[in-house]
Amino acid sequence: MKAIQVKRAGGPEVLELVELPVPEAKGAEAVVKIVAAGVNFIDVYYREGRYKAVMPFVPGQEAAGEVVAVGPNVTNLKVGDRVAYTMVLGSYAEYCAVAADRLVKIPEGVSYQQAAAAMLQGMTAHYLSHDTYPLKKGETALVHAASGGTGLLLVQMAHGIGARVIGTVSTEEKAKLAREAGADDVILYTQTDFAAETRRLTGGRGVDVVYDSVGKTTFEKGLDILRPRGYMVLFGGSSGPVPPFDLIQLSQKGSLYVTRPTLTHYVATREDLEMRAGAVFSMIAMGKLKLRIAHTYPLEDATQAHRDLEARRTTGKLLLLN
Ligand code: NDP
């Protein structure tokens with residue numbers, strides 16, 4: 001089968017097209033013939049070596065496809081089932097062997113591409129807005145990178161809950177998309193001081209929660225726009241990691257909360273995974289969650305996909321197609 005492999009950490013050029021044997025379904029695994037694989041910022045971290053994997057490895061943590069083989073201990077799936085998964089390495093390939101208890105069935109009304117686009121970023125938007133800081137109607141949330149893959153979904157969910165959403169983006173084109181997704185106000189944080197503007201927009205009160213996936217360039221200022229006892233939810237670092245900081249700042253800035261969540265712990269059990277994937281799929285099937293699949297590439301163009309993502313050229317979701 002065709003696969004993309006990383007043999008040494010580095011830039012997008014280390015994503016190499018190779019031939020590998022089709023994996024076998026052992027024990028409680030199923031082999032999935034991948035139709036679409038999601039490209040996510042976490043794939044960049046693995047490629048760069050910021051997150052560690054044993055070399056060589058096939059990157060990618062999200063895909064949708066058809067079950068073509070099941071191991072002897074698999075009871076919940078059969079050949080021909082339409083399935084999707086995330087947080088299992090190896091989706092930049094034509095086939096992947098996945099523990100069957102990490103696979104969810106794709107319901108009718110949801111396509112392979114939609115499923116591949118929704119697993120990681122959709123479930124992330126869901127846990128951030130429903131569990132990490134359960135947003136309530138009438139509250140105000142600031143969402144950074146609001147036209148990104150996760151950002152556009154988070155804006156829609158926050159808006160759906162009835163919260164006021166302030167989004168930040170880098171360009172006018174991205175601002176338009178964030179507004180269409182439900183952002184009430186959008187700040188071009190590359191041109192305007194987002195902290196001053198957020199204070200102005202909230203009449204000096206500040207926001208209830210900041211959802212920050214940008215990290216290095218936004219984190220510290222984000223602490224300055226939270227209401228007393230507000231929540232800083234740092235869930236990524238697309239501009240780089242946040243440097244260490246003195247916890248006393250949390251007290252000085254209003255007894256703030258900071259958390260650094262990751263999807264793994266919000267889909268840890270089979271029940272969590274089914275609940276969250278089910279919630280996201282039903283929002284898609286009912287038309288309540290719109291996926292913007294803006295960039296599709298053949299598998300062999302994974303390098304270009306990474307270049308585009310890192311250069312801030314993308315909006316919404318990137319997929320690799322087989
Ligand atoms: P996005 O589609 O959001 O792409 C990244 C966006 O970040 C860019 O489009 C850009 O938007 C913004 N950005 C700001 N500064 C930079 C910079 N210096 N370089 C590149 N981009 C920058 O990606 P994802 O939705 O895949 O992921 C976003 C972040 O969320 C990542 O850090 C990812 O790891 C994290 N994440 C974390 C999860 C978790 O569970 N903890 C799960 C999912 C994602 P703009 O041009 O508008 O500034």
Ranking Ile248, Ile284 by Cβ neighbours within 10 Å, fewest first, what do you get?
Ile248, Ile284
Pull up the DSSP beta bridges for the chain and report the antiparallel fraction as a percent, rounded to 5.
55 percent
At 7 Å along the Cα-to-beta-carbon direction for both Glu13 and Glu274, put a label point, then send me their distance in nm to one decimal.
4.9 nm
Least to most buried among Ser255, Ser239 (fewest other Cβ within 10 Å first):
Ser255, Ser239
Straight-line reach from Lys290: which lysines have Cα under 17 Å away, leaving out those fewer than 8 places along the same chain?
Lys174, Lys176, Lys317
Taking 56 Å as R0, compute the FRET efficiency from the Cβ-Cβ separation of Asp246 and Glu108 and round it to 0.05.
0.60
Scaled radius of gyration (Cα, divided by 2.2 N^0.38 Å) that the chain gives
1.00
Looking at the calculated P(r) for the stretch 163-322, what percent of the C-alpha pair distances fall above 26 Å?
40 percent
Might you report the magnitude of the Cβ-based charge dipole of the chain about its Cα centre, with Lys and Arg at +1 and Asp and Glu at -1, to the nearest 20 debye?
620 debye
Sorted by mean Cβ packing within 10 Å, highest first, what order do the peptides 10-21, 266-277, 136-147, 117-128 take?
117-128, 136-147, 266-277, 10-21
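Where a number appears in this text, it was derived from the coordinates with a stated rule and is not lab data. Source: prediction; values computed, not measured. Glycine also receives a Cβ, built like all others from the backbone with ideal geometry; neighbour counts cover every protein chain displayed.
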